[in-house]
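J.: I have a structure here, written as structure tokens, and I will follow up with some questions on it.
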Amino acid sequence: TAVVTGFSALPWLVKPLYGFISDSIPLFGYRRRSYLVLSGLLGALSWSLMATFVDSKYGAACCILLGSFSVAFSDVVVDSMVVERARGESQSVSGSLQSLCWGSSAFGGIVSSYFSGSLVDAYGVRFVFGVTALLPLITSAVAVLVKEQRVIGQARGPNVPLGNSSFLKSSKENIVQLWNAVRQPNVFLPTVFIFLWQATPQSDSAMFFFTTNKLGFTPEFLGRVKLVTSVASLAGVGLYNGFLKNVPLRKIFLATTVTGTVLGMTQVCVLIYFCLKLLVK
């Protein structure tokens, strides 16, 4: 489980590369729309393989890697579109836009969590993988509706001018701009904070093994747990959009860090409880 989880996390580690590719190499004349279509097709392919041909852990790991790559790439593209829309707007307006994005994601999590566990119990995992394969196609379909101005000179085909001197010059300029931006304290320090936050060890794999192999959680019950998680996420989005989007971000970060630390200690309480239970036996 840890290996599969690690494979799924790999594409998320190089997200700046996707942004660089999307900005520098238009596909079929578009920097956003084409990549969203391609990401949706890759995601549909990965889950279709899981629903039909994959019958080994190595094949599953490869398909999960491909599916995670499609989601990570589309996530970068969508984030860049949100940034473009929010540029020059107030914190309140940009906060509302982010709330809309995260709220939509939480709502999708509620729907999938509600049906995933029961569908696995009723029809099996292959059927759920097949249904999941249809969802990335929504991304490809919606991408057609994205309003984006075609890049001049990229009217036909992918036109990836890797050997072109203008492309190399543009790439060099983008790298220099990125490096200059990262060197600024107001960018570098938050980056270090996010790195330390994400580098914190997680017990997800161990907790999953514990809940399924030791406590006997069924797929339906796990779906209900994810449903509660998605509802809590949607509630958090509503709380931020209704009361906190005008609050300075520094105060929000401090409050959420302290609160998250306290709530994260609940796993330690669970561990202590079961250790004491074993000692009593």
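The values are calculated or read from the model by the stated rules, or taken from the named source; none is laboratory data. Here the structure is a predicted model, which means the values were calculated and not measured. Counting neighbours? That spans all protein chains shown, and the Cβs are built from the backbone with ideal geometry, glycine included. Side chains included, ligands, DNA and RNA excluded: accessible areas come from the protein's heavy atoms. Shrake-Rupley method; radii C 1.70, N 1.55, O 1.52, S 1.80 Å.
J.: Take each of the peptides 237-247, 191-201, average the number of other beta-carbon atoms within 10 Å over its residues, and list them starting from the highest.
T.: Answer by packing, highest mean first, reads 237-247, 191-201.
J.: Could you report the range 1-147's accessible area per residue, 1.4 Å probe, as an integer in Å²?
T.: Spelled out: the 1.4 Å probe surface of the range 1-147, per residue, equals 55 Å².
J.: Normalised by the empirical 2.2 N^0.38 Å for globular proteins, what value does the Cα Rg of the range 1-147 take? Mind showing how you got there, number by number?
T.: Details: Rg = 16.6 Å, N = 147, 2.2 N^0.38 = 14.7 Å.
With N residues counted in the range 1-147, Rg over 2.2 N^0.38 Å equals 1.13.
J.: Just tell me, in residue order, which DSSP H segments of the chain are both 15 angstrom or longer along the helix axis (alpha-carbon based) and at least -1.0 in mean Kyte-Doolittle hydropathy.
T.: Going by DSSP H runs, the hits are 33-52, 57-86, 91-123, 125-143, 165-183, 185-198, 219-239, 249-264, 266-280.
J.: List the pair-distance distribution P(r) of the chain, using every Cα-Cα distance, as the percent of pairs falling in each 5 Å bin from 0 up to the bin containing the longest distance, rounded to whole percents.
T.: 1, 5, 8, 12, 16, 16, 15, 12, 8, 5, 2, 1, 0, 0, 0
J.: Cα centroids of the range 266-281 and the range 37-102: how far apart, whole angstrom?
T.: Cα centroid of the range 266-281 versus Cα centroid of the range 37-102: 38 Å apart.
J.: By its C-alpha gyration tensor, with a ≥ b ≥ c as the square roots of the eigenvalues, how is the range 185-245 shaped: rounded for a/c under 1.5, else prolate for a/b larger than b/c, else oblate?
T.: Taking the square roots of the gyration eigenvalues as a ≥ b ≥ c, the range 185-245 is oblate.
J.: Run the numbers for Leu13 and Leu249: contour at 0.36 nm per residue of separation, minus the present Cα-Cα distance, in nm. Write down the numbers at each step before the final one.
T.: Values: separation 236, 0.36 × 236 = 84.96 nm, distance 2.49 nm.
Computed gain between Leu13 and Leu249 is 82.5 nm.
J.: Something else about it: Using a 1.4 Å probe on the protein heavy atoms, what percent of the accessible area of the chain belongs to carbon and sulfur?
T.: Carbon-and-sulfur percentage of accessible area, whole number: 71.
J.: Another one. If you take the square roots of the eigenvalues of the alpha-carbon gyration tensor of the range 7-48 and sort them as a ≥ b ≥ c, do you get rounded (a/c under 1.5), prolate (a/b over b/c) or oblate?
T.: oblate
J.: Rounded to the nearest 500, what is the chain's calculated 222 nm mean residue ellipticity when only DSSP H runs of at least 4 contribute -39500 (n - 2.57) each, over all residues?
T.: Calculated mean residue ellipticity at 222 nm is -25500 deg cm²/dmol.
J.: Please sort 258-268, 11-21 by packing, taking for each peptide the average over its residues of neighbouring beta carbons within 10 angstrom, highest first.
T.: Answer by packing, highest mean first, reads 11-21, 258-268.
J.: Hey, what does the equivalent ellipsoid look like for the range 37-95, semi-axes from the Cα gyration tensor as sqrt of 5 times each eigenvalue, largest first, whole Å?
T.: Equivalent ellipsoid of the range 37-95: 35, 10, 7 Å, largest first.
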